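Chemist: Take a look at this one; I'll ask things after.
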Amino acid sequence: MLQPIPIPSQVNTQPIPPSIAAKLSSMRTRIEAFQDRWDQHRAEQFVAADYELVYQTLEWINRHQTQIGSRFLEWGCGFAAVACLADELKWNAHAIEAHADLIGQARKTIRTWPANVDLFDGNFLPGGAPELSLDPTLPSLGHGGQSAYDAWGLELDDFSLVYSYPWPGEDEFHEDVFDRYAAIGALLLMFIGPNEMRLVRKVRR
Ligand SMILES: C[S@@+](CC[C@H](N)C(=O)[O-])C[C@H]1O[C@@H](n2cnc3c(N)ncnc32)[C@H](O)[C@@H]1O
């Protein structure tokens, strides 16, 4: 089962190193330019999180939460900004994205940051996970890409921290997948919407 972990409300007042703030600022410019060309790529599932808040929360997790290992995974990474932030904070960063144009953008982010991120062009859902959903229209479903876990020779329970930005109404599905496949003690961090992040830990029933 998943145990909620309260994130202090003042986490968004934590300082962000100027070098990271500058990278996030240029990332925002690139994302806006990409979104202006929507008719060319139709990456309608991509919405960018508040990366400053995600950084502040990751940094807080680093200092205050027990972790079972160092592997980090961004589910549906878009431009892979969060995976790069995780690398900055010394996690062993991995990221998965299904959309071809976004994989290209993620590669560019990782190269120019520069960051050490294991990026995979494919599906973040473990085999069997779609069956946990009662709603076949959820945006995370229906991506036919190859399984990243098979390609890496890893399972979801090899990751100590997973991050996702679920579409509205999809958060429970992401939690159900994590609860089914993650290791006991692993953490799931979700960007829910403006100024709202959710952190849970998988614990024994
Ligand atoms: C709301 S965006 C979040 C992007 C980024 N993680 C962030 O926080 O800014 C969700 C992303 O997940 C990707 N995605 C959705 N379902 C997926 C799946 N099953 N496998 C891989 N990528 C997926 C979409 O293409 C989209 O880029």
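The values are calculated or read from the model by the stated rules, or taken from the named source; none is laboratory data. Since the model is a prediction, treat every value here as computed from it, not as a measurement. Cβ: placed from backbone, ideal geometry, glycine included. Neighbour counts: every protein chain shown. Heavy atoms of the whole protein, side chains included, go into the accessibility calculation; ligands, DNA and RNA do not. Shrake-Rupley method; radii C 1.70, N 1.55, O 1.52, S 1.80 Å.
Chemist: Calculate I(q)/I(0) for the chain by the Debye formula, one identical point scatterer on each C-alpha and no solvent, and give its log10 at q = 0.13, 0.14, 0.16 Å⁻¹ to two decimals.
Modeler: -0.67, -0.79, -1.07
Chemist: About its Cα centre, how strong a charge dipole does the range 1-43 have in debye, to the nearest 20, once Lys and Arg get +1 and Asp and Glu get -1 at the Cβ?
Modeler: 100
Chemist: Could I ask something else about it? May I ask which residue of 20, 195, 137 lies farthest towards the positive end of the charge dipole of the range 2-202, with charges of +1 (Lys, Arg) and -1 (Asp, Glu) on Cβ and the Cα centre as origin?
Modeler: Farthest towards the positive end: 20.
Chemist: If you roll a 1.4 angstrom probe over the protein chains with everything in place, what fraction of the accessible area of the range 2-202 belongs to carbon and sulfur, to the nearest %?
Modeler: 48
Chemist: Could you work out how far apart the two model spin labels at residue 203 and residue 89 are, taking each label as a point 7 Å from the Cα in the direction of the beta carbon, and quote it in nm?
Modeler: Between residue 203 and residue 89, the label points sit 2.1 nm apart.
Chemist: So what's the back-of-envelope 222 nm ellipticity for the chain, counting only DSSP H runs of four-plus at -39500 (n - 2.57) apiece and dividing by all residues, rounded to 500?
Modeler: Taking each H run of at least 4 residues, the total per residue is -11000 deg cm²/dmol.
Chemist: Once the dipole of the chain is set up with Lys and Arg at +1 and Asp and Glu at -1 on Cβ about the Cα centre, which of 163, 58, 181 lies farthest towards its positive end?
Modeler: My answer, from the dipole projection, is 58.
Chemist: So, counting K/R as plus one and D/E as minus one, what does the shell of residues with Cβ under 11 Å around residue 96 add up to?
Modeler: For residues surrounding residue 96, the net value is -4.
Chemist: Dipole size in debye (nearest 20) for the range 2-202 around its Cα centre, Lys and Arg Cβ +1, Asp and Glu Cβ -1?
Modeler: 720
Chemist: Beta carbons within 10 angstrom, averaged per residue: use that to sort the peptides 70-83, 9-22, highest first.
Modeler: 70-83, 9-22
Chemist: Using alpha-carbon pairs under 8 Å, 6+ residues apart, how would you state the relative contact order of the chain in percent?
Modeler: For the chain, the relative contact order is 24 percent.
Chemist: Additional query: Identify all aspartates and glutamates with a Cα-Cα distance to residue 23 below 17 Å; exclude those on the same chain that are fewer than 8 residues away in sequence.
Modeler: Leaving aside aspartates and glutamates fewer than 8 places away in the same chain, those within reach of residue 23 are 32, 50, 52, 59, 87, 88.
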